[in-house]
Amino acid sequence: MEWYSIDIKIKDEIIKDVITEFAFSIGCKGIEDLDETTFEEDTGLRLFFEEDDDPEIIKNSLLLFFEENGIEDVPEMKAVSIPKTDWREEWKKTYQPVEAGRFLVVPAWMDVHTDKIRILIEPKMAFGTGTHETTKLMLQEISKHDLTGKKVFEAGSGSGILSIAAVKLGAESVTAVDIDEESYDNCKENAHINHADMKIHTKFTTASDYEGENLYDLVLANINRSVLEELIPSFRKITKPKGMIILSGILIEENARMYSRIKEVGGLITDGYYEMNEWCLIRLVKI
């Protein structure tokens with residue numbers, strides 16, 4: 001499958017968050033924050049689309065979105081075709097292992113000896129390579145817990161990095177769901193190369209995922225803040241009493257809004273809060 005990207009030069013983190021939400025609604029398959037990428041000098045967002053999506057239509061949709069949301073200083077945008085090999089080859093040139101808590105995230109082609117728990121990642125378009133603060137926060141938090149025999153649910157599994165981490169800390173099983181085909185494939189691939197595929201059930205998200213009650217000891221979600229707000233009642237429902245819900249993908253300046261939503265939903269207490277740069281993580285326990 002061929003891809004192309006649309007680069008948007010923008011620094012404001014709030015506007016980035018809003019654009020991210022809109023981009024997925026018009027067919028975006030993945031988003032890279034260029035400020036967090038080791039081999040890019042530009043700042044802004046890189047949106048990935050399949051070749052069947054007309055880049056001019058996408059750019060016009062974005063321009064209309066800026067206009068409707070009162071963004072007067074329209075950022076510069078450019079569309080670029082992506083040869084199939086570029087993504088992995090760029091990683092090979094620059095990516096180094098990432099340490100987070102008890103884990104070391106290592107690209108699949110690199111042989112690294114370490115006392116840390118290794119998580120091998122084959123980079124694709126799916127989110128979750130260990131470089132972003134929210135992924136580091138999640139891995140650091142998972143590192144604190146003994147998951148032996150626990151049943152885990154991950155919403156928005158992306159590359160599968162968090163599900164793999166849970167298995168490596170003893171989880172009995174992990175249900176890893178995502179709405180994106182690329183993420184589904186990448187999660188399965190990474191689970192396999194980490195010898196975790198027998199314990200990770202990778203699937204596309206359906207309404208039935210949130211119909212059961214008291215199913216999981218731990219729920220993980222490192223996704224867009226607005227999606228988290230929508231899913232918190234479902235997370236509470238599927239979590240066992242005294243079970244944990246660990247959330248990230250939240251800007252620090254949005255945490256008051258998240259706490260308000262958590263209070264509105266009820267039945268949850270905040271058991272931990274951590275920050276890294278402009279991002280934060282919230283750990284909840286179901287009463």
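Just so you know, all these numbers are worked out from the coordinates, no wet-lab data involved. Remember, predicted model here, so these are calculated numbers, not experimental data. Neighbour counts run over all protein chains shown; Cβ positions are idealised from the backbone, glycine included.
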Take residue 109 and residue 198, extend 7 Å from each Cα along the Cα→Cβ direction, and tell me the distance between the two endpoints in nm.
3.0 nm
Fully extended, how many nm does the chain gain between residue 257 and residue 81 (0.36 nm per residue separation, minus their Cα-Cα distance)?
59.6 nm
Quick one: which residues, 5+ away or cross-chain, put their amide H under 5 Å from the amide H of residue 216? H built at 1.01 Å from N.
239, 240
For residue 100, what residues show an amide H to amide H distance below 5 Å, using hydrogens built from the backbone and excluding near sequence neighbours?
105
Report, largest value first, the span of the C-alpha coordinates of the stretch 180-287 along each principal axis, in whole Å.
38, 34, 22
Hz values of 3J(HN,Hα) by residue in the stretch 189-201 - Karplus curve (6.51, -1.76, 1.60), Gly and Pro given as x
5, 5, 4, 5, 6, 9, 6, 10, 5, 6, 10, 9, 9
The stretch 125-286 - share of DSSP beta bridges that are antiparallel (%, nearest 5)
45 percent
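Considering just Cα atoms, how many Å³ per residue does the convex hull of the chain enclose?
129 Å³
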Sequence neighbours fewer than 8 away in the same chain don't count; with that in mind, list the lysines whose C-alpha is under 28 Å from residue 286.
136, 144, 150, 151, 168, 199, 203, 237, 240, 242, 263
Using a Förster distance of 35 Å, how high is the FRET efficiency between residue 118 and residue 208, based on the Cβ-Cβ distance and rounded to 0.05?
0.55
When N counts the residues of the stretch 105-243, how does its alpha-carbon radius of gyration compare numerically with 2.2 N^0.38 Å, as a ratio?
0.98
For the stretch 273-278, 3J(HN,Hα) per residue [Karplus equation, 6.51 cos²θ - 1.76 cosθ + 1.60, θ = phi - 60°, Hz, x = Gly/Pro]
8, 9, 10, 8, 6, 9
Could you pull out every residue, at least 5 positions away or on a different chain, whose amide H is within less than 5 Å of the one on residue 201? Hs are placed 1.01 Å off N in the peptide plane, and Pro or chain starts have none.
174, 175, 176
